[in-house]
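For reference, the structure discussed in these notes is given below.
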Amino acid sequence: MLKVEEIHTYYDHIHALKGVSLEIREGEIVCLIGSNGAGKSTTLMTISGVLHPARGRVLFDGQDIAHRPADRIVGLGICQVPEGRRILPRLSVADNLEMGAFLRRDREGIRQDLEKVYELFPVLAERRRQQGGTLSGGEQQMLAIGRALMGRPRLLLLDEPSLGLAPIVVEKIFGIIQQINRDGTTILLVEQNANLALGVSDRAYVLETGRVTLSGPSRELAHDERVRKAYLGEQ
Amino acid sequence: MRKELVKFAVVMLWAFGLLFPMLGAQIGFETFTFEWSRLVRVMGFVAVAYGALAAQRAVSAHRKRGHRDPGPGLAERVPPLWGWGILAAVALAFPWFADNYARDVAINVLIYVALGLGLNIVVGLAGLLDLGYIAFYAVGAYTYALLNTHFGVPFWLALPIGCVISAGAGAFIGYPTLKMRGDYLAIVTLGFGEIIRIVLNNWDRVTEGPNGILGIKAPGLYYPKLTEAGLTLGHVYLKNLTCLYYIALVIAVVTIIGVYRLDHSRVGRAWVSIREDETAAELTGIDTLRMKLLAYMLGAIFAGLAGAFYAAKVRYVNPSSFVFLESALVLCIVVLGGMGSIPGIILAAAAIIVLPEVFRDLELYRMLAFGGAMTLMMVYRPEGLIPARRRRLELHAREAFAEEEGNA
Amino acid sequence: METFLQQMVNGLTLGAVYALIALGYTMVYGIIQLINFAHGEIFAAGGYIGVITLSFLQSRGVLEAHPTLGLVLAFALAMVYCAFLAVALERMAYRPLRDASRLSLLLSALGMSIFFSNGMMLCQGVYDKAYPIQLYSTGQFTVGGAVVSYIQVYIFVGALILMIGLNLFVNRTRLGKAMRATAQDKVMSALLGINANRTITITFVIGSVLAAAAGVMVGLYYGSVRFDMGFIPGIKAFAAAVLGGIGNLTGAVLGGMIIGMVEVFAAGYLASEYKDVFAFIILILVLYFRPTGIMGEQVDDTRV
């Protein structure tokens, strides 16, 4: 479905990605783990078209989308929940969700999806009139995911959905991520919490200073000694 | 090609739509006529201008594939010392080969060189947009005018006083405004400039209002004289344009040296760091408020200097010399010459003062051209005619860097 | 008391005009953090298109027969014209500088302001252009001793309608919400499929349409327009936008009203020759003591 080939991306003056390649197949959950500054978010931003690679290709369904602007890429069915959630703070919860469906014209479908999101996250329905900026961290994460779902993505990019959340909320959100995947959405998940990410994903890539150093089925990587040492905190 | 033609057609249609009511409609008292000839001429001009810009874009797009360097400016092609030497020789010899009219224009150029370089401290070095700069010029001019007409204070004594009062005015205006975000500063200085002009216009008892102050003395030359009363000071007033020219030259040279020294001092580096990233500058221990205030006051001092000289030269001041358009003109000099670039500003001051004199018929189009040039400059060559070395490196560093790494 | 009421009426009229101009400043600043210096000139262009339209209709005898139609046409054409002007302005002077420093952008705006005002001077001359006289002397009535002209009522009601329309657009429509989203977070908006350039253009167009209406109103109110009529009202309207909290629409309206009132009362009770100074003084005081404005939108601490 998505194939990233040897991309080099510059962020400010930094050569952030030095030839990253990865592949995501329909229906999978693929995770990207690595430490701070390894280039995980840059990879997602390059796929979404916010950043453009200096070299390399990003193939979605076989066509190169590396140099398309971000707002066009959303139209192809790639939605992102960015790092830090980026809720629009002075728009209501309902308006935030509506903006998630900005490019869609099928009123009936949008209405159904809105109901689905409220079903998935009942707390958002309660707070639908509240401004986005007033929600708690966990609620904001739910809103961010809900908003991305409103775009009916074929591929959902999730950047650190566990960041700064209480363990019980994290557990709930990861449950929902798996459910979204079961309902037919392909997912690329970026996480620092490797344990969690390897637990829910089918395959994984390890990113270190702008390069993919390891990749394979998540279950195998979870037992890999290097991964255990570097990311799972074992001695 | 087809795409280009469609774009051209759209632009021309758009321009026609915008221009035809403004250019064509002739409104009299209860009459209305439509004039085509002007519209046709201007549309022709738009077509040519669009063609030129399109060609320029095509060329630069082509060059981009080759090398990206904007090319060395004039300043780097001529060895600096030689350049300055020739310039100095020409400046010194000039009045002996010119008539009074040319001397008068040359004096104006020198005044604007001082003003441009003074504003350059604020805009070019410290990165603060000041749209009321001419107010300090007015302060200098009125200080000398008032001191001279009321108390008979001579020019040479009034000059430092004018500088001090201008600096004081700079501090007074700067202190409350410099705490603000930079772009608010622009509008507040614009407001202050207007306030000063409105006050000059209305405070009749002191400033004589719109009539202005007459009877200001020219700078005097003092020499010891032996009379019956013993040794006294005799003096002559230097009304002669050649003498005034040399005084203006001294003021301009003092400004050039002053600004050069400032730029290459610790203070200059502090200003650059404030311009690039104020928060970072603050974190490295620079007292940003004090530094900005300093820039503001120093800028004001040079304007005060030029203002006092202006009053002495014309021997008459009135508020209409200190309108917003004058501020805009000085700003134009800084922008066109290249922010932070001393040779650029000298060249731009000369061009902006001399060109309208040469093309007298086009006088009306002067500000139109300057306004348009300002925007074009920002879009196509933000570093100015003769870019300051440091500035050019800053403006093109990112591209150069990305390219270098990209080719690696 | 009577003069007080009279000043109130005049202040409200002037305030409504300032509010309309201030909305354009605040919207543009909210979305690309630019003081659009050329906004005052767009306002003036609106006034010119108004007088051109009305003079044309008058010369053809249409204005005599259908004054209301003439007025509607003048407003409509001025708004359409300024919309096109704004698109051209944004394309030529602002879009190429999207990634440039804010100082460059500001200077570009200033250049366009000088260019437009001198352009209008060259096209239409240095002198005032008079609005057809029968329009701005359509009659008046008295309320508690204060004289209210119909023109004042039209201006106030017209401004109110435009503001309500703007409010509905911004809060109820998909594009209006997209505009707010872009102002709040450009990257996120792009990730939602919102085209930033298009949204910015729409913002410029709406602001300019309001300014155009204000231009025609001022022409009707004072009876004439001039090429440099945008300069001082422009600064005052910006002061109003800052007073209300830049980026805040309600604030801009409130700020415009306050500046209009202050100006009229100060001119009436203090010193009329200094009336232009008060708006600047308010601007400076607000920036000094409460830079977020009375409505207090959050302000990021960036500079040019």
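Of the residues B:V334, B:V317, which is at pLDDT 90 or above and within 25 Å of B:S273 (Cα to Cα)? Before you say what the answer is, go through the steps one by one.
Values: B:V317 fails: within 25 Å of B:S273 (Cα to Cα).
Residue meeting the stated conditions: B:V334.
In this structure, is A:V74 of a type in the set (A, V, I, L, M, F, W, C), open to solvent by 10 Å² or more (accessible area, probe 1.4 Å) and not in a loop (DSSP other than H, G, I, E, B)?
Considered against the rule, which asks whether it is of a type in the set (A, V, I, L, M, F, W, C), open to solvent by 10 Å² or more (accessible area, probe 1.4 Å) and not in a loop (DSSP other than H, G, I, E, B), A:V74 comes out as yes.
Could you list, in sequence order, all residues of region A:10-49 that are within 11 Å of another protein chain (Cβ to nearest Cβ) and of a type in the set (S, T, N, Q)?
Of everything in region A:10-49, just one residue is within 11 Å of another protein chain (Cβ to nearest Cβ) and of a type in the set (S, T, N, Q), namely A:S48.
Going residue by residue through region B:337-344, is there one that turns out to be touching a residue at least 24 places away in the same chain (Cβ under 8 Å), part of a helix (DSSP H, G or I), buried (at least 24 other Cβ atoms within 10 Å of the Cβ) and within 14 Å of another protein chain (Cβ to nearest Cβ)?
There is at least one residue in region B:337-344 that is touching a residue at least 24 places away in the same chain (Cβ under 8 Å), part of a helix (DSSP H, G or I), buried (at least 24 other Cβ atoms within 10 Å of the Cβ) and within 14 Å of another protein chain (Cβ to nearest Cβ).
Residue-by-condition table, conditions (1) surrounded by fewer than 18 Cβ atoms within 10 Å (Cβ to Cβ); (2) within 14 Å of chain C (Cβ to nearest Cβ); (3) over 29 Å from A:G37 (Cα atoms):
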position: A:G62; (1), (2), (3): yes, no, yes
position: A:A66; (1), (2), (3): no, no, no
position: A:V81; (1), (2), (3): no, yes, no
position: A:A101; (1), (2), (3): no, yes, yes
position: A:Q112; (1), (2), (3): yes, no, yes
position: A:R129; (1), (2), (3): yes, yes, yes
position: A:S136; (1), (2), (3): yes, no, no
position: A:L155; (1), (2), (3): no, yes, no
position: A:E160; (1), (2), (3): no, no, no
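Residues checked against (1) polar (S, T, N, Q); (2) under 25 Å from C:F238 (Cα atoms); (3) more than 14 Å from chain C (Cβ to nearest Cβ):
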position	(1), (2), (3)
B:W156	no, no, yes
B:P160	no, no, yes
B:A169	no, yes, yes
B:F172	no, yes, no
B:Y184	no, yes, no
B:I196	no, yes, no
B:L200	no, yes, no
B:D204	no, no, no
B:I213	no, no, yes
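Restricting to helices (runs of 4 or more DSSP H) lying wholly in region B:116-210: which have 1 or more residues that are modelled with pLDDT of 85 or more and open to solvent by less than 10 Å² (accessible area, probe 1.4 Å)?
B:134-151, B:155-177, B:182-202
Any idea which of (1) open to solvent by 10 Å² or more (accessible area, probe 1.4 Å); (2) within 12 Å of chain B (Cβ to nearest Cβ); (3) among the hydrophobic types (A, V, I, L, M, F, W, C); (4) within 24 Å of B:I196 (Cβ to Cβ) is the one C:A239 doesn't satisfy?
With respect to (1) open to solvent by 10 Å² or more (accessible area, probe 1.4 Å); (2) within 12 Å of chain B (Cβ to nearest Cβ); (3) among the hydrophobic types (A, V, I, L, M, F, W, C); (4) within 24 Å of B:I196 (Cβ to Cβ), C:A239 is out only on (1).
Check every one of the strands (runs of 3 or more DSSP E) wholly within region A:170-235 and list those with 3 or more residues that are surrounded by fewer than 17 Cβ atoms within 10 Å (Cβ to Cβ).
Details: elements: A:186-191, A:203-208, A:211-217.
Correct list: A:211-217.
If I filter region A:49-67 for residues that are of a type in the set (K, R) and in contact with a helix residue (DSSP H, G or I) (Cβ under 8 Å, 6 or more places away or on another chain), do I get at least one hit? Let's see the steps before the verdict.
Initial filter on region A:49-67 (of a type in the set (K, R)): A:55, A:57.
The next check asks that each one be in contact with a helix residue (DSSP H, G or I) (Cβ under 8 Å, 6 or more places away or on another chain); those that pass are A:55.
Yes - at least one qualifying residue is present in region A:49-67.
Name the pairs: first residue in region C:43-62 and open to solvent by 20 Å² or more (accessible area, probe 1.4 Å), second residue of a type in the set (V, I, T), Cβ to Cβ under 8 Å, at least 6 apart or on different chains?
Sorted first by the residue in region C:43-62, then by its partner, the pairs are C:S59/B:T31.
Identify, please: which residue in region C:93-114 is within 9 Å of chain B (Cβ to nearest Cβ) and free of Cβ contacts under 8 Å to residues at least 12 places away in the same chain and is, among those, surrounded by the most Cβ atoms within 10 Å (Cβ to Cβ)?
First pass over region C:93-114, keeping only residues within 9 Å of chain B (Cβ to nearest Cβ): C:93, C:96-97, C:100-114.
Of the ones still in play, those that are also free of Cβ contacts under 8 Å to residues at least 12 places away in the same chain are C:96-97, C:100, C:104, C:107, C:114.
Working: C:P96: 16, C:L97: 21, C:A100: 16, C:S104: 21, C:L107: 29, C:I114: 27.
The qualifying residue surrounded by the most Cβ atoms within 10 Å (Cβ to Cβ) is C:L107.
Could you go through region B:169-192 and let me know if any residue there is touching a Pro at 6+ places or on another chain (Cβ under 9 Å), within 25 Å of B:Y112 (Cβ to Cβ), assigned by TED's automatic domain parsing to the domain that holds B:I251 and not aliphatic (A, V, I, L, M).
No.
Look at C:G11 and say whether it is in a helix (DSSP H, G or I), of a type outside the set (K, R), buried (at least 21 other Cβ atoms within 10 Å of the Cβ) and more than 12 Å from chain B (Cβ to nearest Cβ).
Against the criterion (in a helix (DSSP H, G or I), of a type outside the set (K, R), buried (at least 21 other Cβ atoms within 10 Å of the Cβ) and more than 12 Å from chain B (Cβ to nearest Cβ)), C:G11 qualifies.
From (1) within 9 Å of another protein chain (Cβ to nearest Cβ); (2) assigned to a strand (DSSP E or B), pick out the condition that doesn't hold for A:G56.
A:G56 satisfies every listed condition except (1).
Residue under question is C:T203, and the condition is that it be under 15 Å from the mean Cα position of the chain (by Cα) and modelled with pLDDT of 90 or more; does it hold? Walk me through how you get there before you give the answer.
Values: under 15 Å from the mean Cα position of the chain (by Cα): yes; modelled with pLDDT of 90 or more: yes.
Judged against the criteria, C:T203 is a match.
Say we look at region C:246-300 and pick out the residues that are at the interface with chain B (Cβ under 9 Å from one of its Cβ atoms) and in a loop (DSSP other than H, G, I, E, B); which of these is nearest to B:I196 (Cα to Cα)?
So the residue we want is C:A271.
Exactly one condition in (1) more than 17 Å from the chain's Cα centre (by Cα); (2) part of a strand (DSSP E or B) is not met by A:D113; state its number.
Every listed condition holds for A:D113 apart from (2).
The values are calculated or read from the model by the stated rules, or taken from the named source; none is laboratory data. Everything numeric in this text was worked out from a predicted model, so none of it was measured. Positions of Cβ are generated from backbone atoms using ideal geometry, with glycine treated the same way; all protein chains shown enter the neighbour counts. For the accessible areas, the whole protein counts, side chains as well, though only heavy atoms, and no ligand, DNA or RNA atoms are used. Shrake-Rupley method; radii C 1.70, N 1.55, O 1.52, S 1.80 Å.
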